[in-house]
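Working notes, beginning with the structure itself.
The values are calculated or read from the model by the stated rules, or taken from the named source; none is laboratory data. Keep in mind that this is a model prediction, so the values were computed, not measured. We place every Cβ from the backbone using ideal geometry, glycine too, and count neighbours over all the protein chains shown.
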Amino acid sequence: MRDVQALLGIPRTVVTALIAAGVIAPRRGARHAYRFSFQDVVLLRTAQSLRESRIPTRHITRSLKRLQGLASESGGRPPTGLRVTAVGGDVTVHDRHGRWHVESGQFVLDLDPAHTEHTKDVVRQGAKVVDLRQPPAEDSAAWFERAAGLEHGDPEAAEQAYERAVMAAPDYLDAWLNLGCMLCDQGRFGDAIARYRMALEHLPDQPLLHFNLGVALEDAGALREALDSYHACIDLAPDFADAHYNAARLHEELGDPHRAIRHYNQYRKLEPVE
């Protein structure tokens, strides 16, 4: 135990928590001293790196335990064979499929600066200055990832990057959705409405676009137009529970209680109260 603590700088409380949870299972040697395997040390190093990212010990223990369970169920790689890192307050894994949250299983954008930043951002090619931070004009996915990484720090640059993404690929649903949501978050409902309507010219059968357009119209005070958008969403996706709920609210607010009840009932069927 003392050797491991000295090697990794990990507190005894973290080591014992992982042992108690069964994440590591060191053997007992002479005088009942713990004998840690190489795999144990790798897991402890991972735990310590997560702790240094201010992930609580109980969260670290739960996440590594879950990873072990998933590996045993699927016959996949154990936690020692995966890249486990902290993103914000969450534990994520990076494997051949991408980066995903351990707790929820949801995939997230891989915006690791070690993989996205260049040692030199600007180079000169002949008389032309090339900004290596800018993806090629036709690379919509790269513009999308750039935009997503800029949303919180530089929303103006993020907006421009989303615009570049949809210019390169007008049917890029996620780029249109993120752009519209970002504009709504800024209170720019008119701009969001315009972008959603542009998106629907290319993707008329996407219920999420109709739904988000309805939300933006509602926030802008255009209730009847918003209701039309919710109904368009429902026509394309009759099981879209939130669209039924929003439509019910607006029917009620606009003085049509019978249609409101119909949509409330449909919402309750799709989202039963436990």
Six or more apart or on different chains, Cβ under 7 Å: which pairs go from a residue in the stretch 263-274 that's hydroxyl-bearing (Ser, Thr, Tyr) to one that's surrounded by 15 or more Cβ atoms within 10 Å (Cβ to Cβ) and at pLDDT 90 or above? Could you list them? Tyr264/Ala248; Tyr267/His244; Tyr267/Tyr245; Tyr267/Ala248
Among the residues in the stretch 101-112, are any of a type in the set (A, V, I, L, M, F, W, C), assigned to a helix (DSSP H, G or I), modelled with pLDDT under 60 and surrounded by fewer than 16 Cβ atoms within 10 Å (Cβ to Cβ)? no
Does Leu209 fit the bill of being over 26 Å from the mean Cα position of the chain (by Cα), crowded, with 22+ Cβ neighbours inside 10 Å and in a helix (DSSP H, G or I)? no
Check every one of the helices (runs of 4 or more DSSP H) wholly within the stretch 215-274 and list those with 1 or more residues that are acidic (Asp, Glu) and within 22 Å of Asp205 (Cα to Cα). 223-236, 241-253
Being over 23 Å from the mean Cα position of the chain (by Cα) and either exposed (fewer than 14 other Cβ atoms within 10 Å of the Cβ) or modelled with pLDDT of 90 or more (or both) narrows Arg164, Arg124, Arg195 down to just Arg124
For the condition out of contact with any Pro (no Cβ under 8 Å at 6 or more places or on another chain), without any contact (Cβ under 8 Å) to a residue 60 or more places away in the chain and closer than 27 Å to Pro207 by Cβ, what is the one hit in Ala192, Ala157? Ala192
Restricted to the stretch 177-206, and to residues that are assigned to a helix (DSSP H, G or I) and small (Gly, Ala, Ser), which residue is farthest from Pro238 (Cα to Cα)? Gly190
Name the single residue, out of those in the stretch 72-86 being over 22 Å from the mean Cα position of the chain (by Cα) and either of a type in the set (Val, Ile, Thr) or assigned to a helix (DSSP H, G or I) (or both), that is modelled with the highest pLDDT. Ser72
Scan of the stretch 6-16 for residues that are surrounded by 15 or more Cβ atoms within 10 Å (Cβ to Cβ) and free of Cβ contacts under 8 Å to residues at least 24 places away in the same chain, ordered by number: none
Among the residues of the stretch 23-58, what is the count of those that are at pLDDT 80 or above and more than 20 Å from Arg2 (Cα to Cα)? 1
Taking the stretch 219-274 as the search range and keeping residues that are exposed (fewer than 15 other Cβ atoms within 10 Å of the Cβ) and β-branched (Val, Ile, Thr), which one is farthest from Leu209 (Cα to Cα)? Val273
